[in-house]
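Q: Structure below; questions to follow.
Each value in this text was obtained by applying a stated rule to the coordinates, not by laboratory testing. Owing to the predicted nature of the structure, the values given are computational and were not obtained by experimental measurement. FYI the Cβ positions are ideal-geometry reconstructions off the backbone, even for glycines, and counts take in every protein chain you see.
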Amino acid sequence: QSYVERLATQGLTADDGSLYAIGQLVLFIPSGSSAPADAGLQALAAAINSGQVRRFAIANPAHAPYGQAARQALQSVGVWAAVQPVLVLGDNAAQTARFTIAGSVDAGLIPRSIAAVPEFAEHGRWLALAEGLYTPLQQRMVLLQDAPPAAIEFYRYLQSPPARQIFRQFGFQSPD
C-alpha cells in the first residue's frame with residue numbers, strides 16, 4: 001500500500017487507488033512437526049521452552065509487510081521475546097512460506113492466501129490468527145496516468161463483486 005501512496009503523491013497515478021483485498025496471517029505447522037497447532041500463538045513460548053519448536057519463521061519485518069504483521073501478532077500475545085532465539089527470517093512472505101511448507105522450520109506465520117492453496121495445504125495444517133493481533137494487510141492497486149484501455153478495464157474488474165469473490169476463495173478478506 002505504501003508504494004501505491006508514493007506513486008499517487010508523485011502525481012503518477014490517475015487516482016488515489018483502490019483497496020481490493022485484505023491479506024491475513026495464519027500459523028502454519030508443517031506435517032511432521034511436533035509444534036502444537038490448536039493452541040495458537042499463546043502456546044508458542046511453552047513450545048519453544050519444551051523444544052517442540054526449534055525454528056520459527058516469519059518474513060523479515062525490516063522490509064516485508066507480512067513480517068511486520070507477524071511481529072505485531074507475536075508482540076500482541078507476548079511471545080516476541082521468546083521467539084527470538086529460534087527465529088528464522090525469510091526475505092519475503094513467499095520465501096517464508098517455502099521454509100514453512102517444506103518443513104525447514106517447525107512452524108511459521110505465513111499468508112493465508114498461500115497456506116490455503118491445495119498443493120501447500122496438504123503439507124501441514126494452519127490456524128487463522130485472531131483479528132486485532134496485527135494491522136490489517138491492505139492490498140491496494142492504482143491506475144497509472146495514461147493507462148491503456150485494457151488496464152482500465154482490468155482495474156475496474158478487480159473492484160467488481162465477481163473479482164472480490166475470487167479473492168475470498170484464495171484466502172483474502174474483502175474490503176467491504
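Q: Rank these for me by crowding, Phe172, Phe154, going from fewest to most other beta carbons within 10 Å.
A: Phe154, Phe172
Q: Using Cα pairs under 8 angstrom and six or more residues apart, how large is the relative contact order of the chain, in percent?
A: About 37 percent, as a whole number.
Q: What nm value, rounded to one decimal, do you get for the distance between Tyr3 and Glu122 when each label is placed 7 Å out toward the C-beta?
A: Placing both labels 7 Å along Cα→Cβ, they lie 3.2 nm apart.
Q: Using a Förster distance of 41 Å, how high is the FRET efficiency between Glu131 and Gln10, based on the Cβ-Cβ distance and rounded to 0.05?
A: The value I calculate is 0.80.
Q: Taking the Cβ of Asp176 as the centre, find all other residues whose Cβ is under 15 Å away and add up their charges (Lys, Arg: +1; Asp, Glu: -1).
A: +3
Q: Nearest-5 percent of antiparallel DSSP beta bridges in the chain?
A: Percentage antiparallel, nearest 5: 75.
Q: Follow-up. Label Gln159 and Ser174 with points 7 Å out from Cα along Cα→Cβ: what is the distance between them in nm?
A: Computed distance between label sites Gln159 and Ser174 equals 1.6 nm.
Q: Fewest Cβ neighbours within 10 Å first, please rank Phe28, Phe99 accordingly. Don't skip to the answer; put the middle values down first.
A: Working: Phe28 30, Phe99 22.
Taking fewest neighbouring Cβ atoms as first place, the list is Phe99, Phe28.
Q: Something else now. What is the Cα radius of gyration of the stretch 1-83 over 2.2 N^0.38 Å, N being its residue count?
A: My calculation over the Cα atoms of the stretch 1-83 gives 1.47.
Q: At a 10 Å Cβ-Cβ cut-off, how would you order Thr100, Thr9, fewest neighbours first?
A: Working: Thr100 33, Thr9 10.
Going from sparsest to densest Cβ surroundings: Thr9, Thr100.
Q: What GluC sites (Glu not before Pro) in the stretch 84-138 are in a loop by DSSP, with at most 14 other Cβ atoms within 10 Å of the Cβ?
A: Here the GluC sites (Glu not before Pro) that fit, given the DSSP loop and packing criteria, are Glu122, Glu131.
Q: Turning to a different aspect of this structure: Distance in nm between label sites at Asp91 and Ile22, each 7 Å beyond Cα in the beta-carbon direction?
A: Each label point is offset 7 Å from its Cα along the Cβ direction, giving 3.1 nm.
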